[in-house]
Structures are given as C-alpha cells and as structure tokens.
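Let me begin by presenting the structure, written as structure tokens, before commenting on it.
The values are calculated or read from the model by the stated rules, or taken from the named source; none is laboratory data. Note that the coordinates shown come from a computational prediction; the quantities given were computed from them, not determined experimentally. We work out accessible area using only protein heavy atoms, side chains counted, and drop any ligands, DNA or RNA first. Shrake-Rupley method; radii C 1.70, N 1.55, O 1.52, S 1.80 Å.
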Amino acid sequence: MKFKPNQIVYWLSTAILTVVFVAGGIANVLGFEEQQRIMTKLGFPLHLMLFLGVSKLLAAGAVLAPGLPL
C-alpha cells in the first residue's frame, strides 16, 4: 500500500499529539512533583490534576479513534 504525503503528515501529527496527551496525562495522574509545583504556582488546586490527567488520556483515545465524528 502506497501512502500519500498528506496521509504521512496526518498520521505523524496525530502520533505526536497523542504522545503529548498521554505523557501529560500520565504526569498528571501520577502527581509528579514538577506537575504539583506548576499547578500550585498557577493557583490551581492539586486535586484538579487527576481530572486533567484522565481528560488528557481520554482525549488521546478520541484522537486515535477512527471515524469518530467531531
């Protein structure tokens, strides 16, 4: 199967976006010290980290779901 340049760009950008969402989501869910420091510095409560982490992980799944209408 031959890929068109548009398909390569699409899947490459999708993969990069998914990796960013998953990495950020894991960091938030596990509550790394750096994430806690940033959230505190920004004035957000630390319990918001869990919600943001789960949201990022679900967003990564939504980005990869084929044919999902947006």
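When ligands, DNA and RNA are left out and all protein chains stay put, how many square angstrom of accessible area per residue does region 1-50 have with a 1.4 Å probe?
On the way: 4130 Å² over 50 residues.
Result: 83 Å² per residue.
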Heads up, I need the accessible area for VAL20: 1.4 angstrom probe, whole protein in place, Å², nearest 10.
90
For the chain, what is the calculated [θ] at 222 nm in deg cm²/dmol (nearest 500), taking -39500 (n - 2.57) for each run of four or more DSSP H residues and dividing by its residue count?
-25500 deg cm²/dmol
Report ILE8's accessible area, 1.4 Å probe, all protein chains in place, as a number in Å² to the nearest 10.
100
With every protein chain in place, what's the accessible area of LEU30 (1.4 Å probe, Å², nearest 10)?
110
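Hey, what D do you get for the chain in µm²/s if you plug the Kirkwood alpha-carbon radius into Stokes-Einstein at 20 °C and 1.002 mPa s? Mind dumping the intermediate values first?
Working: Rh = 13.6 Å.
Rounded, D is 158 µm²/s.
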Under Karplus coefficients 6.51, -1.76 and 1.60, residue-wise ³J(HN,Hα) of region 46-53 in Hz, glycine/proline x
5, 5, 5, 4, 5, 4, 5, x
